[in-house]
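Student: Got a structure for you, written out below as structure tokens; questions coming shortly.
Nothing in this text is a laboratory measurement; each read-out follows from the coordinates by a stated rule. Worth saying up front: this structure is predicted, and the values here are computed from it rather than measured. So basically every Cβ, Gly included, is an ideal-geometry build from the backbone, and we count neighbours across all protein chains shown.
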Amino acid sequence: MKKTEIRIEYQLKTASVNILWNSISTALGLTEWFADGVTVNDTEYTFSWEKNEQVAFLVQTKPNVSVRFQWEEDLDTEYYFELKIDILEVTGGLALIITDFAEKGDDEDLILLWNKQIEVLRRKTGI
């Protein structure tokens, strides 16, 4: 089934690039807000939530800028999810830009899920 690209921008008030980068690019950082547990074996990331596990592969990284993962079931597709740090020109503040893909009718649920996860990120890191 064809998926639709979803792009969401979250402005972060007092974030530092280093804190944000560690939160989106390391197993420990991702465990703080994205999943209950994360294990890494080279480019294979196993994310766990309660009794569920899902494997994603790190397909692209630009240090201090972005990480792109592809879920195991999407390996033969163009679908991915990306976490990208953007410096806002006007304010000099930071934004986290999420790119993800949703099946038809699931886009609102996906946005709500990311909103919830970003709230956890803000609470855990103080950004």
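Conditions tested, residue by residue: (1) assigned to a strand (DSSP E or B); (2) on the phi > 0 side of the Ramachandran plot.
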| position | (1), (2) |
| --- | --- |
| 70 | yes, no |
| 73 | no, no |
| 105 | no, yes |
| 108 | no, no |
| 112 | no, no |
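Student: Still on this structure, I have one more. Looking for whichever is surrounded by 14 or more Cβ atoms within 10 Å (Cβ to Cβ) and part of a loop (DSSP other than H, G, I, E, B) here; the options are 45, 79. Which one fits?
Tutor: Just one listed residue meets the conditions, 79.
Student: Out of 93, 126, which single residue is within 26 Å of residue 18 (Cα to Cα) and either crowded, with 16+ Cβ neighbours inside 10 Å or touching a helix residue (DSSP H, G or I) at 6+ places or on another chain (Cβ under 9 Å) (or both)?
Tutor: Of 93, 126, the one residue that is within 26 Å of residue 18 (Cα to Cα) and either crowded, with 16+ Cβ neighbours inside 10 Å or touching a helix residue (DSSP H, G or I) at 6+ places or on another chain (Cβ under 9 Å) (or both) is 126.
Student: Is at least one residue of the range 21-37 assigned to a strand (DSSP E or B), without any contact (Cβ under 8 Å) to a residue 40 or more places away in the chain and either surrounded by 17 or more Cβ atoms within 10 Å (Cβ to Cβ) or under 15 Å from the mean Cα position of the chain (by Cα) (or both)?
Tutor: Yes, there is a match, as at least one residue in the range 21-37 is assigned to a strand (DSSP E or B), without any contact (Cβ under 8 Å) to a residue 40 or more places away in the chain and either surrounded by 17 or more Cβ atoms within 10 Å (Cβ to Cβ) or under 15 Å from the mean Cα position of the chain (by Cα) (or both).
Student: I need the full set of residues from the range 48-66 which are surrounded by 11 or more Cβ atoms within 10 Å (Cβ to Cβ) and within 14 Å of residue 35 (Cβ to Cβ), in order please.
Tutor: If the condition is that a residue be surrounded by 11 or more Cβ atoms within 10 Å (Cβ to Cβ) and within 14 Å of residue 35 (Cβ to Cβ), then 48, 49, 53, 54, 55, 56 are the ones that fit.
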